[in-house]
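Read through the structure below, which is laid out as structure tokens, and then see the notes.
The values are calculated or read from the model by the stated rules, or taken from the named source; none is laboratory data. Please read these numbers as outputs of a predicted model, since none were measured by experiment. Backbone-built Cβ (ideal geometry, glycine too); neighbour counts: all protein chains shown.
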Amino acid sequence: MQHPVANEVPVPTEAIERELKRYAVPGFTGRRIVHLRVRPEAALSVEILPEAVETQRIGDRKGMVSPENVFDHREPTERELIVKQLLSANDYRFRLGMRLTAVVGDFTDGKLLSAQWVTVG
């Protein structure tokens, strides 16, 4: 089963447009910087879509075995600890963010003359 790209969603630009339009008025000459930041709450909306891929080695006659005692309250097994250790060692991979950190608009007498896109990385 395929699913759409899970790691990219469009960011609404209405608030950025609103901020820039506030300075698109006669008499304003200068620069307006609109900073962008991903809030921690955004990470709570990350959807987890589990998918299993079973590897069968040639000559291996064993089938896939379901996890035992999934709902038992017990000490974690060695296999479970390996999973936890793998995720902990790779926690830097699980970051939600944007490279774009700011939109800069340069105005002369309220007319937008140029824009700059401030990015990181």
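Taken together, the residues in segment 1-31 that are surrounded by 10 or more Cβ atoms within 10 Å (Cβ to Cβ), farther than 15 Å from Gly105 by Cβ and either in contact with a Lys or Arg (Cβ under 8 Å, 6 or more places away or on another chain) or modelled with pLDDT of 95 or more (or both) amount to 0. Screening Glu54 against (1) within 21 Å of Thr101 (Cα to Cα); (2) outside any helix (DSSP H, G or I); (3) at pLDDT 85 or above; (4) of a type in the set (D, E, K, R) leaves a single unmet condition, (1). Pairing each residue of segment 96-117 that is outside any strand (DSSP E or B) with any residue that is surrounded by 11 or more Cβ atoms within 10 Å (Cβ to Cβ) and not hydrophobic (A, V, I, L, M, F, W, C), provided the two are 6+ apart or on different chains, yields C-beta distances under 9 Å for Asp109/Thr29; Gly110/Tyr23; Gly110/Thr29.
Say we look at segment 32-51 and pick out the residues that are of a type in the set (A, V, I, L, M, F, W, C) and modelled with pLDDT under 90; which of these is nearest to Leu96 (Cα to Cα)? Only one residue fits best here, namely Val46.
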